[in-house]
Amino acid sequence: MTMSDYTVRARHTGALSFEVSNGRATLGTEWNPADGSWLATELFLAGVGACMLATLVDYAQHNNIDVTGAGVTVSAESATRPVRMSEINVTYELPEGLSQAHVDALVRAGDRCKVHNTIAAHPTFSVSATTRTP
């Protein structure tokens, strides 16, 4: 087994409910939407948005660009055969008063986030199974 830079664990907790943990925090996810829960696809989109926004804000802070209150909305379109998200749409909400040059630079910076780059580069998936002992 090789060491990984990032590891999360998902565990079946009953019916179509799951618990996801990174070792620092745990949250619940559901196969079907339910109040107070996340779909796995929403967690994926949240990861994309959080990474892109964090990369944008980091760039802004290093370049003395005030983006206090900036946000991002990430949405996706579904497709079949195979079932997947066929289109991911990212919209930044930036404060007023930024020059177009700053807006363009911030968007480019956000596009450099690790999650965005991973999706764009089509990572290799290695899938295996083990038997869990009680």
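The values are calculated or read from the model by the stated rules, or taken from the named source; none is laboratory data. Remember, it's a predicted structure, so these values are computed and weren't measured experimentally. Heads up, the Cβs are rebuilt from the backbone with ideal geometry, glycines too, and the neighbour counts pull from every protein chain shown.
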Residue pairs within 6 Å by beta carbon, gap of at least six or interchain, first lying in segment 47-58 and assigned by TED's automatic domain parsing to the domain that holds residue 27, second aromatic (Phe, Trp, Tyr) and part of a helix (DSSP H, G or I), listed first then second, are none
query: Going by the structure shown, is residue 112 assigned to a loop (DSSP other than H, G, I, E, B) and touching a residue at least 40 places away in the same chain (Cβ under 8 Å)?
result: yes
Restricted to segment 58-116 and to residues being exposed (fewer than 11 other Cβ atoms within 10 Å of the Cβ) and among the aliphatic types (A, V, I, L, M), the residue farthest from residue 40 (Cα to Cα) is 101
Residue 17 meets each of (1) surrounded by 10 or more Cβ atoms within 10 Å (Cβ to Cβ); (2) modelled with pLDDT of 95 or more with one exception, condition (2)
Note: among 41, 91, 73, just one is of a type in the set (Val, Ile, Thr) and either in contact with a Leu (Cβ under 6 Å, 6 or more places away or on another chain) or at pLDDT below 95 (or both), namely 41
Of (1) acidic (Asp, Glu); (2) part of a loop (DSSP other than H, G, I, E, B); (3) touching a strand residue (DSSP E or B) at 6+ places or on another chain (Cβ under 8 Å), residue 66 satisfies every one except (3)
